[in-house]
Amino acid sequence: MFEDKVLVCRECGAEFVFSASEQQFYADKGFQNEPGRCPACRAARRANNGQARGERQMYDVICDECHRPTQVPFQPRGDRPVYCSECFSKMRHSQY
């Protein structure tokens, strides 16, 4: 059935064993690809939880509904209204 394989981590270059039981688990889950990172690099990546991207840039705007200053995570183009989070929630809930 499955046999242990030695793979090379694409992150740190270390060799690691992709065990038969791990291969069975991957097959049961329907995963097509073998792991590309060693267990230590996978754990570090999960622990980082997307923080490598850094802080998100926010843009100062005036809400088109309540006219209060707010910040949004995208640069407004000027062709569509921009709302604060409260007004956006109200607009969204009123549509459904």
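The values are calculated or read from the model by the stated rules, or taken from the named source; none is laboratory data. Here the structure is a predicted model, which is why all the values come from computation and not from measurement. Backbone-built Cβ (ideal geometry, glycine too); neighbour counts: all protein chains shown. Just the protein is used for accessible areas: all its heavy atoms, side chains included, with ligands, DNA and RNA removed. Shrake-Rupley method; radii C 1.70, N 1.55, O 1.52, S 1.80 Å.
A compact table of results
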quantity	calculated
Inter-label distance, nm, simple model (7 Å from Cα along the C-beta direction), Val8/Gln32	2.4
Two-site label geometry, Asp64 and Ala40: point separation in nm, points 7 Å out along Cα→Cβ	5.3
Computed over the chain: relative contact order in percent, which uses C-alpha pairs under 8 Å that are six or more apart	17
Furthest towards positive pole of dipole, Ile62, Cys84, Gly13, structure part the chain, Cβ charges	Ile62
Solvent accessible area, Å² - Tyr59, 1.4 Å probe, full protein context	60
Val72, Val8, reordered so the largest accessible area comes first (probe 1.4 Å)	Val8, Val72
Accessible-area ranking of Asp79, Asp60, largest first, probe 1.4 Å	Asp60, Asp79
With all protein chains modelled, accessible area of Ser21 [1.4 Å, Å²]	80
Carbon + sulfur, % of accessible area of segment 3-88 - ligands and nucleic acids excluded, 1.4 Å	47
Cα-centred dipole magnitude for the chain, charges only on beta-carbon of K, R (+1) and D, E (-1), debye, nearest 20	260
Karplus-derived 3J(HN,Hα), 6.51/-1.76/1.60, for each residue of segment 64-76, Hz, glycine and proline x	6, 9, 9, 6, 8, x, 8, 10, 10, x, 9, 8, x
Between helix 39-48 and the chain: long-axis angle, C-alpha atoms, 0 to 90°, nearest 10	10
Karplus (6.51, -1.76, 1.60) ³J(HN,Hα), θ = phi - 60°, over segment 3-13, in Hz, Gly and Pro reported as x	10, 4, 10, 9, 10, 10, 5, 6, 8, 10, x
Heavy-atom SASA rank of Arg68, Arg37 (probe 1.4 Å, accessible area, largest first)	Arg68, Arg37
